[in-house]
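Asker: Quick one: the structure is below, questions incoming.
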Amino acid sequence: MNAPGDAPRTYHSDLRRHQAEATRIRVVEAAVELFGAQGYAGTSLARIAEQAGVSVETVRNHGPKAALLRAATEYAAFGLESGGDWEGFEEAQPILAVASKEDLVAPSAANMTAVAARGAAVWRAISGAATSDPEIAETYRALCADIRSQNAKILRIFADRGWLREGMTFQEAVDFFTVVISFDTYIRVVLVEQRPVEEYQGYLERMLRYLLGLG
């Protein structure tokens, strides 16, 4: 039998944790929308608080502003924040389940296109702010390093299956993959040049076929 008060303490602890998680999501989702629409400089903590329906102090507790921008970028693209692993990402499961590299191309390109589309606006905010704000520049570099690390994990899976192009070193493959699927590539092709998303996805498919030695 539990000691008196044990169950209520556990219940209230779980409730507080769930409430805190829900508040965190509201704050980050508000940051996604505002940073994407107004940029870093144009977004205040007060505006995020208003959008999220919480106090400014609550937003500060989830900050600072630079950390919220990083969280917003990760959440917009991947639905998770720092510490998440690509293999646990819901959209990664169909890719991990394919039996051949030929079957890998289409779902991978579709997944990468979806990620780029979700994260492009906030990525513009963080990459733009990095040019003039040293704190954001450091956050941006760390985020780029994390993305490259995740890309290396993806390609390590492919390499272990013998799927990477012959004659290309692993680091060359990571460099190639990181540039091809970057948010910057999507931004240039779709948002700047205003080419159809389907054309961008087709480009990804061709690049993946090259990386996998299929053409």
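The values are calculated or read from the model by the stated rules, or taken from the named source; none is laboratory data. Because the structure is predicted, anything quoted here is derived from the model rather than measured. Note that we place each Cβ from the backbone using ideal geometry, even for glycine, and neighbour counts take in every protein chain shown.
Asker: Within the range 204-215, can you find the residues that are free of Cβ contacts under 8 Å to residues at least 24 places away in the same chain and part of a helix (DSSP H, G or I)?
Answerer: 206
Asker: Which residue out of 166, 198, 172 is under 25 Å from residue 37 (Cα atoms) and either of a type in the set (Gly, Ala, Ser) or more than 14 Å from the chain's Cα centre (by Cα) (or both)?
Answerer: Testing whether each residue is under 25 Å from residue 37 (Cα atoms) and either of a type in the set (Gly, Ala, Ser) or more than 14 Å from the chain's Cα centre (by Cα) (or both) leaves just 198.
Asker: Something else about it: Does any residue in the range 96-121 that is free of Cβ contacts under 8 Å to residues at least 24 places away in the same chain and part of a helix (DSSP H, G or I) come within less than 7 Å, Cβ to Cβ, of a residue that is of a type outside the set (A, V, I, L, M) and surrounded by fewer than 21 Cβ atoms within 10 Å (Cβ to Cβ) six or more places away or on a different chain, and which pairs are these?
Answerer: If the second residue must be of a type outside the set (A, V, I, L, M) and surrounded by fewer than 21 Cβ atoms within 10 Å (Cβ to Cβ), the pairs left are 107/94; 111/91; 114/91.
Asker: Continuing with this model, one more query. If residue 93 satisfies every condition in (1) under 20 Å from the mean Cα position of the chain (by Cα); (2) modelled with pLDDT of 90 or more; (3) farther than 22 Å from residue 145 by Cα; (4) not basic (Lys, Arg) but one, which is the exception?
Answerer: Only one criterion is unmet by residue 93, namely (2).
Asker: Which ones in the range 34-80 are surrounded by fewer than 19 Cβ atoms within 10 Å (Cβ to Cβ) and under 15 Å from the mean Cα position of the chain (by Cα)?
Answerer: Result: 67, 79, 80.
Asker: Any residue in the range 193-203 that is farther than 13 Å from residue 109 by Cβ and part of a helix (DSSP H, G or I)? Can you show your working first?
Answerer: Within the range 193-203, the first condition is being farther than 13 Å from residue 109 by Cβ, and the residues that meet it are 193-196.
Checking the rest, the ones that are also part of a helix (DSSP H, G or I) come to none.
Looking for residues that are farther than 13 Å from residue 109 by Cβ and part of a helix (DSSP H, G or I), one finds none in the range 193-203, hence no.
Asker: One residue is enough: does the range 124-132 have a residue meeting the conditions surrounded by 15 or more Cβ atoms within 10 Å (Cβ to Cβ), over 18 Å from residue 37 (Cβ atoms), modelled with pLDDT of 90 or more and among the charged types (D, E, K, R)? Steps first, answer last, please.
Answerer: Kept after step one, since they are surrounded by 15 or more Cβ atoms within 10 Å (Cβ to Cβ), are these residues of the range 124-132: 124-130.
With the extra rule that they be over 18 Å from residue 37 (Cβ atoms), the set shrinks to 130.
Of the ones still in play, those that are also modelled with pLDDT of 90 or more are 130.
Imposing the further condition that a residue be among the charged types (D, E, K, R) reduces the set to none.
So far as the range 124-132 goes, no, none of its residues is surrounded by 15 or more Cβ atoms within 10 Å (Cβ to Cβ), over 18 Å from residue 37 (Cβ atoms), modelled with pLDDT of 90 or more and among the charged types (D, E, K, R).
Asker: Which is surrounded by 17 or more Cβ atoms within 10 Å (Cβ to Cβ) and in a helix (DSSP H, G or I), of 159, 173?
Answerer: Working: 159 fails: surrounded by 17 or more Cβ atoms within 10 Å (Cβ to Cβ).
So the residue among 159, 173 that is surrounded by 17 or more Cβ atoms within 10 Å (Cβ to Cβ) and in a helix (DSSP H, G or I) is 173.
Asker: Is one or more of the residues making up the range 183-193 farther than 25 Å from residue 70 by Cα and out of contact with any Leu (no Cβ under 9 Å at 6 or more places or on another chain)? Step through it out loud before you land on a result.
Answerer: Taking the range 183-193 and keeping what is farther than 25 Å from residue 70 by Cα, we get 193.
Now drop any that are not out of contact with any Leu (no Cβ under 9 Å at 6 or more places or on another chain), which leaves 193.
Scanning the range 183-193, I find at least one residue that is farther than 25 Å from residue 70 by Cα and out of contact with any Leu (no Cβ under 9 Å at 6 or more places or on another chain), so the answer is yes.
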